[in-house]
Every structure is written in structure tokens, then in C-alpha cells.
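The values are calculated or read from the model by the stated rules, or taken from the named source; none is laboratory data. Please read all numbers here as calculations on a predicted model, not as lab measurements. Using ideal geometry, Cβ is built from the backbone for each residue, glycine included, and neighbour counts are taken over all protein chains shown. Areas reflect the complete protein model, heavy atoms only, side chains present, ligands, DNA and RNA absent. Shrake-Rupley method; radii C 1.70, N 1.55, O 1.52, S 1.80 Å.
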Amino acid sequence: TMLHCQQTVPEEYKDWDFHRRLSWQVEHTLPRYVAWIADWLALIDRTPDVNFLVTTYEEFAADNRGFVERLLKFFRVPYEPSWISIPNYRVGHNNVFHVADKSTRDEMGDALYRQASGMIPEPLLRRFGWPDDSQPVAKAG
């Protein structure tokens, strides 16, 4: 599957609120991204003689500097550790979903979050160790 980076959105998209835009993106764009990732992983599995580097956001979030160093080493880019400058920010707090004391699930709304999570096939969840968040959250009490 080829990932088409150019996205054509409806004419009225610019007038929609954030949640409606996000819903449209989940429905129309996310399936292509998931298929693209799945296809790359299938290629990796079919070609064990080729060296691929698969990374995750979680790895980046856990150690920004180590992540960049890992990329540079993989691609055999000579560098000095002092050349790596990582902005001083908290990962996860500089995106459209960051709202104080709200999770991504809370910001998206449970139904849309479950819809998006349900688009990730079980083999990808297993491969990356991600939870299946497509089910409703049990209410306490």
C-alpha cells in the first residue's frame, strides 16, 4: 500500500470544530496509515536479510536523546554526542491532545477513541505491546 501524503478534505472542513475534523481524520485517514504500517511490517517479515529499524513513539518519549543516537548509529551517521540538541519540553505535552488533567481518550471522547483503537489490527497490537483500547471503559462504582 502506498501512503498518499496529500489529503483532500471536504470544502467545509475548515469550518468544522476540532472534534468533527478529528472524526473525519479517524474515518478517512487513519485506515490508510494503519495499512501502511502493516504493509511495512509484512515487508520486514518477508525480507529478513535486509536491515530495518522499527521504532515507536514510546521509545522516543522514554529517551529522546537515546532515540536520536539510535537512529544515527543505525544509519551510520558519524556524530558527536554534543551535536544532539533536544528541545527542553515534556513529551506528550506539546500536541493537540494535551489538556491539563485530561487523557487522549478523554479529549477525543470515548466513542471516537474506541473507533480509532479498533482500527488497529490485533497483530499490530501484539507486535508493539499495545493494549486493545477498542472496548468501553468499565465505570467505577
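When you filter the chymotrypsin sites (Phe, Trp or Tyr not before Pro) in the stretch 25-58 for DSSP loop state and at most 14 other Cβ atoms inside 10 Å of their Cβ, you are left with F52.
Within the assembled protein chains, the solvent-accessible surface assigned to V68 is about 40 Å², based on a 1.4 Å probe.
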